[in-house]
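Before any comments, here is the structure.
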Amino acid sequence: MVFSLKRKLGVLFVVVSMLTGPVLMAAEKWAFVDMRKAMRTVEEGKKAFEELSSLKDAREKELKKEGESLDNEVEGLKKQQTVLSQEAFQRKRQDLAQKQMTFKKKLEIYEQELMQTQNSKAKDILDEMEKIIEGIAKEDGLEIIYEKSGGALAYADAKRDITDRVIDSYNKKVKEKKKKK
């Protein structure tokens, strides 16, 4: 079964290579862009990263305090175990277990909110970059633009890299929008 799957994948790779190889060779006008670098470099990307970092730091500080408080309650309950009645100990242990579950849910919600905020900020930037990349492609007559940071591009000559142009164009566009306001 495994050999069969490997063989099928190998055949599929060869077929895809044979079909796409000539297309890629024929496309002499191509370039690539490192979107990860562009996102980290444009002014709005830096600003978004700083905002997310400060939001993350503030929430983590808050959650760390809450987590330490829960840890202290656990230690306190362990110390009280010999003094408390069986029933009182069980009740406190259940209350503490409920607090821990609530804290765990709070952590999950925090992570989801952070991810949503990050995605929202990134989407706006990426949408604008996509327009800029399309404009550069049309301006230069490029047929294909690869995305480098996704791992699909193992090597390409640096002269094919349009990342800095995308960054410059993006920052100029943002400055122009600010001037108009």
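The values are calculated or read from the model by the stated rules, or taken from the named source; none is laboratory data. Just so you know, these numbers come straight off a predicted model, no measurement behind them. For neighbour counting, all protein chains shown are included, and Cβ atoms are generated from backbone atoms with ideal geometry for every residue, glycine included.
Can you report the number of residues in the range 137-171 which are within 25 Å of the chain's Cα centre (by Cα), of a type outside the set (Asp, Glu), modelled with pLDDT of 90 or more and in a helix (DSSP H, G or I)? Full working, then the answer.
Of all residues in the range 137-171, those within 25 Å of the chain's Cα centre (by Cα) come to 144-156, 161-171.
Cutting the leftovers down to of a type outside the set (Asp, Glu) gives us 144-146, 148-156, 162-163, 165-167, 169-171.
Applying the additional criterion that residues be modelled with pLDDT of 90 or more yields 162-163, 165-167, 169-171.
This time we only want the ones that are in a helix (DSSP H, G or I), so: 163, 165-167, 169-171.
The total comes to 7.
Can you pull out the residues in the range 55-68 that are free of Cβ contacts under 8 Å to residues at least 12 places away in the same chain, closer than 15 Å to residue 114 by Cα and among the charged types (D, E, K, R)? Steps first, answer last, please.
First, pick out the residues of the range 55-68 that are free of Cβ contacts under 8 Å to residues at least 12 places away in the same chain: 57-58, 60-62, 64-65, 68.
In the following step, the residues that additionally are closer than 15 Å to residue 114 by Cα were identified as 57-58, 60-62.
Passing the criteria: 57, 60, 61, 62.
Exactly one of (1) touching a residue at least 40 places away in the same chain (Cβ under 8 Å); (2) surrounded by 10 or more Cβ atoms within 10 Å (Cβ to Cβ) is unmet by residue 141. Its number?
Of (1) touching a residue at least 40 places away in the same chain (Cβ under 8 Å); (2) surrounded by 10 or more Cβ atoms within 10 Å (Cβ to Cβ), only one is false for residue 141: (2).
Can you tell me which residue among 106, 179, 121, 99 is part of a helix (DSSP H, G or I), at pLDDT below 90 and surrounded by 12 or more Cβ atoms within 10 Å (Cβ to Cβ)? Reasoning before the result, please.
Numbers: 106 fails: at pLDDT below 90; 179 fails: surrounded by 12 or more Cβ atoms within 10 Å (Cβ to Cβ); 99 fails: at pLDDT below 90.
Only one candidate qualifies: 121.
If residue 163 passes every condition in (1) polar (S, T, N, Q); (2) exposed (fewer than 12 other Cβ atoms within 10 Å of the Cβ); (3) under 29 Å from residue 50 (Cβ atoms) but one, which one does it miss?
Condition (2) is where residue 163 drops out.
From the list 111, 147, which one is acidic (Asp, Glu), free of Cβ contacts under 8 Å to residues at least 12 places away in the same chain and out of contact with any Lys or Arg (no Cβ under 8 Å at 6 or more places or on another chain)? Break it down into steps so the answer makes sense when it comes.
Values: 147 fails: free of Cβ contacts under 8 Å to residues at least 12 places away in the same chain.
111 is the lone residue from the list that is acidic (Asp, Glu), free of Cβ contacts under 8 Å to residues at least 12 places away in the same chain and out of contact with any Lys or Arg (no Cβ under 8 Å at 6 or more places or on another chain).
I need the full set of residues from the range 29-54 which are in a helix (DSSP H, G or I), in contact (Cβ under 8 Å) with a residue 12 or more places away in the chain, surrounded by 15 or more Cβ atoms within 10 Å (Cβ to Cβ) and not small (Gly, Ala, Ser), in order please. Before the answer, list the steps.
Step one: list which residues in the range 29-54 are in a helix (DSSP H, G or I), which gives 35-41, 43-54.
Pick out the ones that are also in contact (Cβ under 8 Å) with a residue 12 or more places away in the chain and you get 35-39, 41, 43-45, 48, 51-52.
This time we only want the ones that are surrounded by 15 or more Cβ atoms within 10 Å (Cβ to Cβ), so: 35, 37-39, 41, 44-45, 48, 52.
Across the range 29-54, the qualifying residues are 35, 37, 39, 41, 44, 52.
Scan the range 64-83 residue by residue and report those that are in a loop (DSSP other than H, G, I, E, B) and loosely packed, with under 11 Cβ neighbours inside 10 Å. Show your work before the answer.
Step one: filter the range 64-83 for residues in a loop (DSSP other than H, G, I, E, B), giving 81-83.
Of everything in the range 64-83, those that are in a loop (DSSP other than H, G, I, E, B) and loosely packed, with under 11 Cβ neighbours inside 10 Å turn out to be 82, 83.
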